Amino acid sequence: MRFNYPDTWVRDFNRLFSFELIRTDRQGARLGRLHFSRGVVETPTFMAVGTQATVKALTPAQIQETGTGIILGNTYHLMLRPGSDRIARMGGLHHFMGWSGPILTDSGGFQVFSLADARKITEEGVAFKSHIDGSSHLLSPERSMDIQRELGSDIVMAFDECAPYPCERRQAKEAMDRTHRWAERSLKHFRGGHQALFGIVQGSVYTDLRAESAQVLTQMPFDGFAVGGLSVGEPKDLMAGMLDACVPYLPTNKARYLMGVGTPVDLVNGVAAGIDMFDCVMPTRNARNGQAFTHHGTVSIKQARYAEDQAPLDEKCPCYTCRTFERAYLHHLYRAGEILSSVLMTLHNLTYYQTLMADMRRAIQADRFELYRNEILAAYAVKSEE
């Protein structure tokens with residue numbers, strides 16, 4: 001299927017966003033830059049998740065301190081509270097939350113997918129009841145574009161349908177085909193300006209559907225492409241297979257984004273597969289649960305073994321937490337239920353993730369990415385501390 005758009009669509013679309021591919025190594029790992037009206041972000045990059053106009057436990061200044069260049073906002077949550085219209089009246093999401101860097105907003109498709117029993121999918125969109133007060137709402141491609149425009153994000157995601165895992169091929173194809181139709185409607189309603197619009201590849205765990213979705217979407221004039229519908233319970237080898245099936249069909253001159261992924265191992269494997277952008281709640285959520293990611297694998301600070309440990313959380317980490325505090329103190333804070341525990345652990349985990357991405361960029365530049373990847377795989381080969 002080929003979609004033919006008026007030339008004016010492409011001309012009128014975003015002039016302030018671009019992706020610059022600097023280098024691709026022998027394995028396919030890519031070094032690049034995302035150019036925004038708000039600055040430049042080096043890729044591969046990890047986007048901190050700021051679901052409700054906040055990266056949990058951190059101030060914008062602390063987020064910046066971790067090396068984070070771009071964050072993610074949640075369309076579904078922000079449309080319900082405080083409302084995208086209110087955020088627009090407050091000067092847009094950047095001003096509202098005090099963040100001066102670029103912001104990507106998801107379309108809301110994954111969140112309404114996760115509501116399961118509280119939503120109904122039709123061709124028009126998704127009717128659902130709010131998890132906050134039970135009020136009824138309809139989220140459609142057009143409404144999603146309007147909300148994200150009111151939020152004022154720098155990257156807007158097309159509205160999509162995420163198929164569950166596991167699901168029959170028929171259900172996966174229906175969701176994929178609807179995603180393609182919704183992608184076209186998103187494009188038609190999108191206004192451009194300073195915002196870029198990304199399409200989302202679907203197809204569940206069926207390689208032929210993933211390839212088809214990538215081929216259909218890349219005929220449309222999106223500014224970049226995401227791979228969605230993964231990290232929803234499928235085995236890691238299946239996720240890798242889906243990337244192998246669709247990434248070769250994505251254009252080399254546009255950014256590639258793997259949504260909702262993941263662990264340090266997922267990140268290095270994703271970069272090896274040719275992905276440029278990632279997001280995941282794991283570094284922030286796990287931090288609040290007492291788990292740290294380090295150069296030696298995971299550390300569960302709640303464990304009794306750390307009660308009198310005078311070592312830093314990670315001696316290689318440059319973050320404020322590791323420069324200032326010992327594991328014994330972090331263990332005490334977590335056991336005592338102190339808010340500072342979440343702050344210090346989140347500050348560390350996000351710094352570790354951004355250090356990981358920076359190290360990958362340097363490794364690609366030096367043509368030693370595969371060696372670095374193997375170091376990370378070895379560090380996380382042991383069982384994670386719970």
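The values are calculated or read from the model by the stated rules, or taken from the named source; none is laboratory data. In this text the structure is predicted, and so the values were computed from the model without any measurement. Cβ sites come from the backbone with ideal geometry, for glycine too, and all protein chains shown count toward neighbours.
Of note:
- Qualifying residue in region 214-221 (condition: among the small types (Gly, Ala, Ser), within 23 Å of THR24 (Cα to Cα), in contact (Cβ under 8 Å) with a residue 24 or more places away in the chain and touching a Lys or Arg at 6+ places or on another chain (Cβ under 8 Å)): no
- Flag if LYS254 is basic (Lys, Arg) and either closer than 28 Å to THR105 by Cα or crowded, with 22+ Cβ neighbours inside 10 Å (or both): yes
- When we screen LEU187, LEU139 for residues that are under 19 Å from ALA88 (Cβ atoms) and in contact (Cβ under 8 Å) with a residue 60 or more places away in the chain, the only hit is LEU139.
- If the condition is being of a type in the set (S, T, N, Q) and closer than 24 Å to CYS319 by Cβ, then region 24-51 contributes THR43, THR45, THR51.
- Residues that are among the aromatic types (Phe, Trp, Tyr) and surrounded by 23 or more Cβ atoms within 10 Å (Cβ to Cβ), drawn from region 193-206: PHE198
- For region 212-235, the tally of residues that are closer than 20 Å to PHE190 by Cβ, assigned to a loop (DSSP other than H, G, I, E, B) and not acidic (Asp, Glu) stands at 6.
- Residue match in region 320-342 (condition: acidic (Asp, Glu) and crowded, with 20+ Cβ neighbours inside 10 Å): no
- Some residue of region 237-256 being within 18 Å of PHE159 (Cβ to Cβ) and within 18 Å of the chain's Cα centre (by Cα): no
- Taking region 87-205 and the helices (runs of 4 or more DSSP H) fully enclosed by it, the elements with 1 or more residues that are at pLDDT 95 or above and assigned by TED's automatic domain parsing to the domain that holds SER18 are at 93-97, 141-151, 169-189.
- Hits in region 305-332 (condition: more than 16 Å from ALA287 (Cα to Cα) and of a type in the set (Val, Ile, Thr)): THR324
- Residues satisfying the stated conditions in region 328-362, i.e. of a type in the set (Gly, Ala, Ser) and touching a residue at least 24 places away in the same chain (Cβ under 8 Å): SER341, SER342, ALA358
Residue by residue, here is whether (1) at pLDDT below 95; (2) among the acidic types (Asp, Glu); (3) buried (at least 21 other Cβ atoms within 10 Å of the Cβ); (4) part of a helix (DSSP H, G or I) holds:
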| site | (1), (2), (3), (4) |
| --- | --- |
| LEU344 | no, no, yes, yes |
| ALA358 | no, no, no, yes |
| ILE364 | no, no, yes, yes |
| GLU375 | no, yes, no, yes |
| LYS383 | yes, no, no, no |
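- None of LEU243, LEU209, LEU238, LEU267 is surrounded by fewer than 19 Cβ atoms within 10 Å (Cβ to Cβ), outside the structural domain of SER341 (by TED's automatic domain parsing) and either part of a helix (DSSP H, G or I) or modelled with pLDDT under 95 (or both) except LEU238.
- Filter result (touching a His at 6+ places or on another chain (Cβ under 9 Å) and at negative phi) within region 45-65: THR51, GLN52
- Condition check for ARG33: modelled with pLDDT of 95 or more and more than 22 Å from the chain's Cα centre (by Cα): no
- Subset of region 173-218 (residues that are of a type in the set (Asp, Glu) and closer than 22 Å to GLU123 by Cα): GLU174, ASP177, GLU184, GLU212
- Applying a threshold of 8 Å to beta carbon distances and a minimum spacing of six or more residues, or different chains, the list of pairs starting in region 286-311 at a residue that is among the charged types (D, E, K, R) and ending at one that is surrounded by fewer than 16 Cβ atoms within 10 Å (Cβ to Cβ) and at pLDDT 95 or above reads LYS302/ARG335; GLU308/ALA328; ASP309/ALA328.
- Top-ranked residue of region 212-235 - restricted to ones that are among the small types (Gly, Ala, Ser) and within 19 Å of the chain's Cα centre (by Cα), ranked as surrounded by the most Cβ atoms within 10 Å (Cβ to Cβ): GLY229
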